[in-house]
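J.: One structure coming up, written as structure tokens, with questions to follow.
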Amino acid sequence: MSSESKSNGEQGTSFEGRVQAWQDNIESGVRGLGKGSWARILKMARKPTSLEFKQTCIVCGIGMFVLGFIGFVLLVLMDNVLPSFFDWLTGGY
């Protein structure tokens with residue numbers, strides 16, 4: 001195994017050592033999450049009621065529909081109505 005890792009160009013630490021160091025960094029960050037302003041936010045967080053969840057889904061759906069409609073209108077304008085104006089963007093393709 002060590003000969004394979006050296007042949008792959010890995011230098012210094014082994015794969016397991018790098019993964020362990022990565023995991024240690026993540027765990028130390030999570031341990032620090034319980035202190036400070038993040039802890040207060042997490043303690044105040046609660047599960048939304050059914051009505052709040054439905055309202056959030058409806059508002060997000062309306063927002064996605066509006067953004068999609070705006071994108072579609074711009075596409076139609078660029079392709080059909082004003083193609084000569086938008087040629088400078090595409091370089092004449």
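J.: Are any residues in segment 4-16 among the small types (Gly, Ala, Ser) and at pLDDT below 50, and if so, which ones?
T.: 5, 7, 9
J.: Of the residues 30, 19, which is aliphatic (A, V, I, L, M), surrounded by 11 or more Cβ atoms within 10 Å (Cβ to Cβ) and at pLDDT below 95?
T.: Answer to the selection: 19.
Quick grid of which residues meet (1) at pLDDT below 95; (2) assigned to a helix (DSSP H, G or I):
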residue: 46; (1), (2): yes, no
residue: 55; (1), (2): no, yes
residue: 61; (1), (2): no, yes
residue: 76; (1), (2): yes, yes
residue: 80; (1), (2): yes, yes
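The values are calculated or read from the model by the stated rules, or taken from the named source; none is laboratory data. Since we're looking at a predicted model, the values are computed, not measured. Neighbour counts are summed over all protein chains in view; Cβ atoms, including those assigned to glycine, are modelled from backbone coordinates with ideal geometry.
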